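Take this structure first; my questions come after.
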Amino acid sequence: MTTTGNLGSGASGTAGVDTKLEVITIPVSDVDRAKEFYGRLGWRLDETPPGVVQFTPHGSGCSVQFGPDRTSAAPGSSQRQFLIVSDLEAARDQLVAAGIEVSEVFHPGKDGQVNGPDPEHRSYFSYASFSDPDGNSWLLQEVTTRLPGRIDPGPTTFASASDLASALRRASAAHGEHEKRIGEEDANWPDWYAEYMVREQAGTELPL
């Protein structure tokens, strides 16, 4: 039997089967030059078969791959690939310290791109960009609270100690506002922190 239509709803196709994006291939003209650049980003150089160069960004489950004859795409044609960070300024500072040319932080406005972070510091609204020597471009996007349904609400994981520390700082600030509302010190703050961090990552309603 042949079925047609949109399989993206999860009602059929690979619904229920984990399908994880593992590697993306980017087109480069000079493998050694690209290897030096992505190494300067601080990404992990993975062990691969001969002729394949693979790097994995810190905390990422997906890797970047390049090498001779890996793709027929023109070098530099891979554009606006997203790198999600929990602290945009810190991520940008690390790249600048490594000698990478990075744009200033910007956010979308009514009439286009506006300099500076999103005034309300909303998730998904603050960016910085950089490109590799071939012109393949990357966008750093700050995400602290996921949209509902984007992350499985069951497990809560943090890819690195810095991500966990950032989540704790946000929980601490929110808990300070919580204590102001209740008018007293909250002795049960560990449970409140935990609830806040789980809900924030899952994109569900945050505790008050």
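The values are calculated or read from the model by the stated rules, or taken from the named source; none is laboratory data. In this text the structure is predicted, and so the values were computed from the model without any measurement. Neighbour counts run over all protein chains shown; Cβ positions are idealised from the backbone, glycine included.
Rundown of residues vs (1) at pLDDT 95 or above; (2) in contact with a strand residue (DSSP E or B) (Cβ under 9 Å, 6 or more places away or on another chain); (3) more than 28 Å from residue 19 (Cβ to Cβ), yes/no style:
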{"site": "55", "(1), (2), (3)": "yes, yes, no"}
{"site": "68", "(1), (2), (3)": "no, no, yes"}
{"site": "73", "(1), (2), (3)": "yes, yes, no"}
{"site": "114", "(1), (2), (3)": "yes, yes, yes"}
{"site": "128", "(1), (2), (3)": "yes, yes, yes"}
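Answer yes or no as to whether residue 150 is within 27 Å of residue 105 (Cα to Cα) and at pLDDT below 80.
So residue 150 fits the description; yes.
Show the residue pairs that are 6+ apart or on different chains and have beta-carbon atoms under 8 Å apart, the first residue being within region 181-193 and outside any helix (DSSP H, G or I), the second being of a type in the set (Phe, Trp, Tyr).
What qualifies is 186/192.
Counting only residues that are touching a residue at least 60 places away in the same chain (Cβ under 8 Å) and among the hydroxyl-bearing types (Ser, Thr, Tyr), how many does region 67-81 have? Don't jump to the end; show me each part of the working.
Step one: list which residues in region 67-81 are touching a residue at least 60 places away in the same chain (Cβ under 8 Å), which gives 75-76.
Those left that are additionally among the hydroxyl-bearing types (Ser, Thr, Tyr): none.
The number of residues fulfilling the criteria is 0.
Sticking with this one: May I ask you to verify whether residue 59 is assigned to a loop (DSSP other than H, G, I, E, B) and small (Gly, Ala, Ser)? Can you show your working first?
Numbers: assigned to a loop (DSSP other than H, G, I, E, B): yes; small (Gly, Ala, Ser): yes.
Criteria met by residue 59.
In addition: Just to be sure I understand, how many residues within region 59-80 are within 16 Å of the chain's Cα centre (by Cα) and surrounded by 13 or more Cβ atoms within 10 Å (Cβ to Cβ)?
Of the residues in that region, 4 qualify.
Those residues that are closer than 12 Å to residue 23 by Cβ, under 22 Å from the mean Cα position of the chain (by Cα) and of a type in the set (A, V, I, L, M), I need them from region 36-53; list them, please. If you could, list the steps in order and put the result at the bottom.
Filtering region 36-53 for residues closer than 12 Å to residue 23 by Cβ gives 46, 48, 52-53.
Those left that are additionally under 22 Å from the mean Cα position of the chain (by Cα): 46, 53.
Matches in region 36-53: 53 only.
Within region 33-55, how many residues are in a strand (DSSP E or B) and surrounded by fewer than 18 Cβ atoms within 10 Å (Cβ to Cβ)? Full working, then the answer.
Taking region 33-55 and keeping what is in a strand (DSSP E or B), we get 44-45, 53-55.
From the residues that got through so far, the ones that are surrounded by fewer than 18 Cβ atoms within 10 Å (Cβ to Cβ) too are 44-45.
So the answer is 2.
Only one of (1) in contact (Cβ under 8 Å) with a residue 60 or more places away in the chain; (2) charged (D, E, K, R); (3) over 30 Å from residue 30 (Cα atoms) is not met by residue 118, so which one is it?
(1)
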